[in-house]
Every structure is written in structure tokens, then in C-alpha cells.
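The values are calculated or read from the model by the stated rules, or taken from the named source; none is laboratory data. In this text, all values refer to a predicted model and were calculated from it rather than measured experimentally. Glycine gets a Cβ as well: all are built from the backbone with ideal geometry, and neighbour counts include every protein chain shown.
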Amino acid sequence: MLLVTAGGIAWHAFDVLQGVMSSAPEIIGSISHSHHSHGSSGHHHGIDLEHPILALSVTAFAISVKEGLYWITKRAGEKEGSGLMKANAWHHRADAISSVVALIGVGGSILGVPYLDPLAGLVVSGMILKAGVQTGYESVLELVDAAVDPSLLLPIKETILKVDGVKGCHRLRGRKAGTSLYLDVHIEVYPFLSVSAAHDIGETVRHQIQKSHNQVAEVFIHIDPSYSVESNMDKKGFWENIERRNSDSIPRQQTAEAIVSHIISSHFSKKMSLEHLMLHYLQGRVLLQVQVSMSPEIMIRDAMNIAKQAEEEILKADSSISQVSVQLRLGQQIKQLKLPGGIDTSSNQQAEEP
């Protein structure tokens, strides 16, 4: 609509200007004649207007009202993030600018300068054309899910970094769908956190973003360890770690458990038993946290020596393992939680036994 309005104003202004220029000699003669008449009677001023003051007053009032509507609608559109409301605001400004053209035309007619009206029309049509192209471009970007302006993401990034437990964030991206904003972000947390603790931090980030930024409809959060390979390694080292991480030579959970269980059962079966094993993959390296239990009568110094020997044996068993930490469990192990509505099969089996 803005483009059509700009084209209509430009066409009309060009047509009027062409008419004025073609009749310039007659207008000049008329103006000269009016000056002579003014000297004798004092009542001719170029183009005769019956109520020039009223015309100027009404036009100025219309400009004020339409410009006020423009700013009110524009601020509402920016608050809601609506491109449609911003375009509607420019409709009000187009009306205001059209009234400016009318004001210039009335003033030019009073002063006997008729070409001011079409010249002002051409200038106004250019302004409306620019607004139409800009609004249309922004609307097309929304339709194709283009990335939003990075300046809109800076306040959101500040909100993320304020959340307790977040060590950093990267790859913050957003796309608009109407008035809603959809985000995708990678947050960095302490690498040795449990899955449940890291998930809780991610949910806190989601809650804070939607609480502080009403235009955000959904947030997709990826959780990464705070040891970012991108910040500590060059490009060559980064791709080497990617290949190593995706290689079959890197032990996974079941493989690591089999290696550790075999070593403990073959070398330390009378001294310790495996309770729990946790793997960590950091910067292309494999780290193991091995939790074991020992006899309560064993001395602490002897337990430390046995743990050190076990760590050395595990490292020898697989060269891809970078570090091993054998930890002695002293208290009760945390029991696995049951899901709501879950069935305890072990208790059912005991109940069925005679």
C-alpha cells in the first residue's frame, strides 16, 4: 500500500508540475498583471482563495493529528515487535505528509508560486517509497525466517549470563514469526555437573528469558561444558578433536565399564569392588571417575596406594583414557528414583516368592 501511495503521489505531482511548466509564460504574465492591478485596486494576489487562513489552519491541525497517531502507533509496534503495526504507523505519516503537501500548495497559491505543490509532492513520494521498501524488506525477512538483528539479542545474552551456574554462552540465534521470537542458544556450565543439575540450570535460563523478554515465545537450549574447544585451540586442533571424539577408538560407557570391571576383578578382586563409573569427554580427552568400595578395616594409607595402582592399570589398559580418578565411597549410595506410576519389580518378585 505504501508503494502504491508513493506511486500515486509521484504521478499526480509530475502531472501537475508538467502542466505548470507548460503554462509558465501565462502564469508569469498573470502574476505581472496582478502586480499592476494591485497598484490600482489592491485586491488581486495571483490565485484567488476565499478563505486562506481557514485552509492553512485546518491543514496544520490535520498534520498534527496524523503525526501524533504515527508516533503512538509506531511505539506500540516497537513494543509488541509487530511489523504490521509499524507499517500502519507509516500510513498515518503518509497522510500527514500529504497534508504537508497541501499546506505547501496552499501557501504557494497564496504567494503566487504554483510549482511548490508538485515539487513537494515528488519529495513526499520519495519518502513514502523509502518507507514502503524498508517495511516490505523487513516483512519478507520474517516470512523466510531470517535471523534477527544482533542488537536485539544483546539484552537477552546479558540475561543469560546473569543466571547462577552459567559460565558463558555462544551461538545465540533468533528468528521471528509474527510478533514472537524463537531463540536457539548454547550455554556453558561446569563440566563435572550431573545431568540433572545442568538441566536445572538450562530450565532456569529459559524461565529468566521468558520472564524478562515478553516477545520470546520459545527457547531451545543446548548445554555444553565450559571448556570450549573453540576458545582454547586453533582451527586445526579443533577439527582433530572432532575427529577423535567421533572415532570408534574412544571408549563409550559400556566399553569403559567393561575395562574397569575386568581390571578390578582380575587385579583387585579381594581389595575393592566397583560401585559406579562416570565418563567425561573434555576437549577430545576421556576422563574417568571410578567409585569403589573397600573393606572398612583397611587403613587410609593402604586404600590410597591401592587406588593409585588401580588408576595406573586402567591407564595402561586403554591409551585413549587421559585421566582416572578412583574414589572411595564411604556413605550410602544414592538410590535410583522411581518415575511417577513406576513399578518396583524387585519388591513384586519378593512378594511372589513362597
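What do you reckon, is V189 farther than 20 Å from Y281 by Cβ, outside the structural domain of Q291 (by TED's automatic domain parsing), at pLDDT 90 or above and surrounded by 16 or more Cβ atoms within 10 Å (Cβ to Cβ)? Give the steps one after another, and end with the answer.
Numbers: farther than 20 Å from Y281 by Cβ: no; outside the structural domain of Q291 (by TED's automatic domain parsing): yes; at pLDDT 90 or above: yes; surrounded by 16 or more Cβ atoms within 10 Å (Cβ to Cβ): yes.
So V189 does not fit the description; no.
Of all residues in segment 305-333, count the ones that are farther than 12 Å from S293 by Cα and not basic (K, R).
Number satisfying all stated conditions: 17.
Do we have any residue at all in segment 316-327 that's assigned to a helix (DSSP H, G or I) and either touching a helix residue (DSSP H, G or I) at 6+ places or on another chain (Cβ under 6 Å) or modelled with pLDDT of 80 or more (or both)?
yes
Among the numbered conditions (1) at pLDDT below 90; (2) crowded, with 17+ Cβ neighbours inside 10 Å; (3) of a type outside the set (K, R), tell me where S269 comes up short.
For S269, the exception is condition (2).
May I ask you to verify whether D318 is touching a residue at least 40 places away in the same chain (Cβ under 8 Å) and at negative phi?
Values: touching a residue at least 40 places away in the same chain (Cβ under 8 Å): yes; at negative phi: yes.
Answer is yes for this residue.
Do we find that K86 is at pLDDT 80 or above and among the basic types (K, R) in this structure?
Here the answer is no, as K86 does not meet what is asked.
Applying the selection to segment 264-319, what residues are polar (S, T, N, Q) and under 25 Å from Q332 (Cβ atoms)?
S265, S269, S273, Q289, Q291, S293, S295
Inspect all residues belonging to segment 294-307 and state whether any of them is under 25 Å from V195 (Cβ atoms) and in a loop (DSSP other than H, G, I, E, B). Can you show your working first?
Start the filter on segment 294-307 by keeping residues that are under 25 Å from V195 (Cβ atoms), which leaves none.
Checked segment 294-307: no residue is under 25 Å from V195 (Cβ atoms) and in a loop (DSSP other than H, G, I, E, B).
Go through S99, S196, S125 for me and flag whichever is surrounded by fewer than 16 Cβ atoms within 10 Å (Cβ to Cβ), polar (S, T, N, Q), assigned to a helix (DSSP H, G or I) and at pLDDT 70 or above.
S196
Condition first: over 13 Å from the mean Cα position of the chain (by Cα) and more than 13 Å from C169 (Cα to Cα). Now tell me which residues in segment 207-225 satisfy that. Steps first, please.
Filtering segment 207-225 down to residues over 13 Å from the mean Cα position of the chain (by Cα) leaves 207-208, 211-212, 222-225.
Of everything in segment 207-225, those that are over 13 Å from the mean Cα position of the chain (by Cα) and more than 13 Å from C169 (Cα to Cα) turn out to be H207, Q208, K211, S212.
Can you find a residue in segment 217-228 that is part of a strand (DSSP E or B), modelled with pLDDT under 80 and under 26 Å from E78 (Cβ atoms)?
no
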